[in-house]
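Student: Sharing a structure here in structure tokens format.
The values are calculated or read from the model by the stated rules, or taken from the named source; none is laboratory data. Since we're looking at a predicted model, the values are computed, not measured. Here the Cβ positions follow ideal geometry from the backbone for every residue, glycine too, while neighbour counts run over all protein chains shown. For the accessible areas, the whole protein counts, side chains as well, though only heavy atoms, and no ligand, DNA or RNA atoms are used. Shrake-Rupley method; radii C 1.70, N 1.55, O 1.52, S 1.80 Å.
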Amino acid sequence: MSAASDLALLRAETRRLWREPRLRWVAALAPLLLLIVFLSSWNGAARLADDRQRFAAAERARWLEQGQKDPHSAAHFGVWAVKPASPLAVLAPGIEPFVGLAVWLEAHKRNEMIFRPSQDAHPIMRGATSVGQLLELLGPLFAILLGFTGFAQDRQRGTLRMAMGNGGRPARMLLARFAVMAGVLAAVALLPAALFGAYTLHALPDAGWHGAGRLAVWGLLQFLYLLAFLLIALTVSLKAPSARAALAIMLALWLALCVVLPRAAGNAVQVLAPGPPYQAVRQSVEQAAPAYEGADKWEARRAALLAQANGAPIDLRAAQLDQSERESHVVFDRLLGRFYDAIETQDRAFGWLGALTPAVALQAAGSAVAGTDFHQHRHFIDAAESYRRTTINRLNGDLMRHAGRDGPVETGRDFWESVPAFDYRPPTLGMALANALAPLAMLLAWCLLAAGAAWRAVKGVRP
């Protein structure tokens, strides 16, 4: 077959598809629906981005202007660490609405992140969907509406028999229809999402997330997801006795793959990889590393340090504070680290459950690429904790350098300026992809299996 005949076939398939009224409605309504959802997400994201920048600048000024004081008082004066959001959180918010925007860094404590966006959201917006969620749930319906009549309707009308009688090859027809339908999906569903993402990258600060690369990979994942459902719909259309039967089968599959199984997978993770209750973990941390030690323990620490110094000059208060601080680090790493490991284990188990449905694979891989999964959230809280420890150790070190001097110890602006501002660098896209290999492999496997099923079905198609 020549290129000219292939082109003629593509044009014929395009005209055939355009004559379908339901597809014209989908082509008109899908971008409009995506736009409405995007604008509702954009409004809050733009406000939060502005608040983050102003708050971080005000916080640095507050630290520098705190005046002369004891270094340990400065450790309790503390500083806020603000998490820079990934710009793609507008499209795929992941866990972002449910975790905090900032954490208070101070001596003795590893505080929780607070200021959760879902707390400040309007009651209606708390359950609002995003562009990514809309594509995940309704995108397959667009693909089904395109593909379910692909061959079943031609079989009903007898046009498939006529086409094959005139030398038409089913495999060539399948490729042409798939190419045209994939183009329509890309135009009505993916192109608007890509444009919204590009606008977001232009209007919001990137903050080191390398949003352009993440947007390209995120769009590719959405495309693979929709192609998987389009290929499944074409396969069913090749086998079903009528268009009505093909539609009934595909709607049942959509309900199972996009609604029932994702929720079942979430419940299965709780059984396969149960984690400890967070409240119990916090209680264990406070018991093992209390912010304020009792008099007995404080005195025992003092006696041990005096024996260790063996008569050398030592600032006992500073040494006690420093030792207590470093001991608490071990407790935080052991108890909270174990809890965070359990959550990551659950996330990895959820990614493998992408074998049940492409919707689970897309959820896990999409949030990883967008920078809104727990693995990348943990990267921030670990970075903030590392900054807290470095800062507190420096303040305690400054206190200890005054050992043997008379009078109260005070430090001023020169020292505050020597403490660098918290500067967070998010994980690279490569690191995010490496942590999401399982759901990425599952999503690709669904596409290949669906393509293989369609190819096998078209080889045995009967008019």
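Student: Grab the other residues whose beta carbon is less than 15 angstrom from that of Ala359, score K and R as +1, D and E as -1, and report the net.
Tutor: Net charge around Ala359: 0.
Student: Continuing with the same structure: Can you tell me, using C-alpha contacts under 8 Å and at least 6 residues apart, the relative contact order of the chain as a whole percent?
Tutor: 26 percent
Student: When a/c is below 1.5 the answer is rounded, else prolate if a/b is larger than b/c, else oblate, so apply that to region 124-221 with a ≥ b ≥ c taken from the square roots of the Cα gyration tensor eigenvalues.
Tutor: prolate
Student: While we're on this one: For a quick check of understanding: with a 1.4 angstrom probe and all protein chains in place, what accessible area in square angstrom does Val90 have, to the nearest ten?
Tutor: Ignoring ligands and nucleic acids, Val90 comes out at about 10 Å².
Student: Another one. Provide, as a two-decimal number, the C-alpha radius of gyration of region 364-463 over 2.2 N^0.38 Å, N being how many residues it has.
Tutor: Region 364-463 yields a ratio of 2.13.
Student: Under 11 Å from the Cβ of Ala318, count the other residues' Cβ atoms, weight Lys and Arg +1, Asp and Glu -1, and hand me the total.
Tutor: Working: positive: Arg317, Arg401; negative: Asp70, Asp315, Asp322, Glu325, Asp398.
With Lys, Arg at +1 and Asp, Glu at -1, the neighbours total -3.
Student: So how do Val271, Val79 rank on accessible area, 1.4 Å probe, biggest first, that is with the largest at the start?
Tutor: Details: Val271 115, Val79 25 Å².
Sorted by accessible area, descending: Val271, Val79.
Student: Considering the dipole of region 243-331 built from charges on the beta carbon (Lys and Arg +1, Asp and Glu -1) around the Cα centre, which of Ser324, Trp254, Ala265 is farthest to its positive end?
Tutor: Farthest towards the positive end: Trp254.
Student: Which whole-number percentage describes the relative contact order of region 1-102, with Cα contacts under 8 Å and a sequence gap of 6 or more?
Tutor: 27 percent
Student: Excluding ligands and nucleic acids, what accessible area in Å² is computed for Ser324 using a 1.4 Å probe, to the nearest 10?
Tutor: Result for Ser324: roughly 20 Å² accessible.
Student: Does region 199-280 come out rounded, prolate or oblate, given a ≥ b ≥ c as the square roots of the eigenvalues of its C-alpha gyration tensor, rounded meaning a/c under 1.5 and, failing that, prolate meaning a/b above b/c?
Tutor: oblate
Student: Assigning unit charges at the beta carbon (Lys, Arg +1; Asp, Glu -1) and nothing else, what dipole magnitude in debye, to the nearest 20, does region 246-393 show about its Cα centre? Show your work: numbers first, answer last.
Tutor: Values: 13 positive and 15 negative charges, 41 e Å.
Computed about the Cα centre, the dipole is about 200 debye.
Student: If you don't mind, there's one more thing I want to ask. Less than 20 Å apart at the alpha-carbon level, and either on another chain or at least 8 residues along: which lysines does that give for Lys239?
Tutor: Lys459
Student: Under the √(5λ) rule applied to the eigenvalues of the Cα gyration tensor, what semi-axes describe the equivalent ellipsoid of region 1-46? Give them in Å, descending. Don't skip to the answer; put the middle values down first.
Tutor: Details: eigenvalues 271, 41, 3 Å².
Semi-axes (√(5λ), whole Å): 37, 14, 4.
Student: In degrees, nearest 10, range 0 to 90: what is the angle between the Cα axis of helix 358-370 and the longest Cα principal axis of the chain?
Tutor: For helix 358-370, the angle is close to 50 degrees.
Student: Along the positive direction of the dipole of the chain (beta-carbon charges: Lys, Arg +1; Asp, Glu -1; about the Cα centre), which of Ile114, Asn435, Ala243 reaches farthest?
Tutor: Of Ile114, Asn435, Ala243, it is Ala243.
Student: Per 10 Å bin from zero, what fraction in whole % of the C-alpha pairs of the chain is there, up to the bin with the longest pair?
Tutor: 4, 17, 23, 19, 14, 10, 6, 4, 2, 1, 0
Student: Can I ask one more? How big is the charge dipole of region 65-211 about its Cα centre, in debye rounded to the nearest 20, if each Lys and Arg gets +1 on its Cβ and each Asp and Glu gets -1 on its Cβ?
Tutor: Using only the charged Cβ atoms, the result is roughly 1020 debye.
Student: Taking the highest mean first, how do the peptides 103-113, 448-458 order by number of other beta carbon atoms within 10 angstrom per residue?
Tutor: Result, highest mean first: 103-113, 448-458.
Student: Which shape class, rounded, prolate or oblate, goes with region 264-338 when its Cα gyration tensor gives a ≥ b ≥ c as root eigenvalues, a/c under 1.5 marks rounded, and past that a/b bigger than b/c marks prolate?
Tutor: Prolate, because a/c is 1.5 or more and a/b exceeds b/c.
Student: With every protein chain kept in the model, how would you rank Leu201, Leu185 by accessible area, 1.4 Å probe, largest at the top?
Tutor: Output order, biggest surface exposure first: Leu201, Leu185.
Student: Can you check what the net charge comes to around Phe374, using other residues whose Cβ is under 14 Å from the Cβ of Phe374 (Lys, Arg +1; Asp, Glu -1)?
Tutor: With Lys, Arg at +1 and Asp, Glu at -1, the net is -3.
Student: Let me ask you something else. What part of the accessible area of the chain, given as a whole %, is carbon or sulfur when the probe is 1.4 angstrom?
Tutor: Of all accessible area on the chain, carbon and sulfur atoms account for 63 percent.
Student: Still on this structure: Given 10 Å bins starting at zero, what is the percent of C-alpha pairs of region 1-157 in each, up to the one with the largest pair distance?
Tutor: P(r) for region 1-157, in whole percents per bin: 8, 24, 20, 16, 12, 9, 6, 3, 1.
Student: Leaving ligands, DNA and RNA out of it, work out the accessible area of Lys459 with a 1.4 Å probe and give it in Å² to the nearest 10.
Tutor: 130 Å²
Student: Would you compute, from DSSP H runs of 4+ residues alone, the mean residue ellipticity of the chain at 222 nm, taking -39500 (n - 2.57) per run and dividing by the full residue count, rounded to the nearest 500?
Tutor: Roughly -22500 deg cm²/dmol at 222 nm, from the helical runs in the chain.
Student: I would also like to ask the following. Sort Phe98, Phe151 by heavy-atom solvent-accessible area, probe 1.4 angstrom, most to least.
Tutor: Largest accessible area first, the list is Phe98, Phe151.
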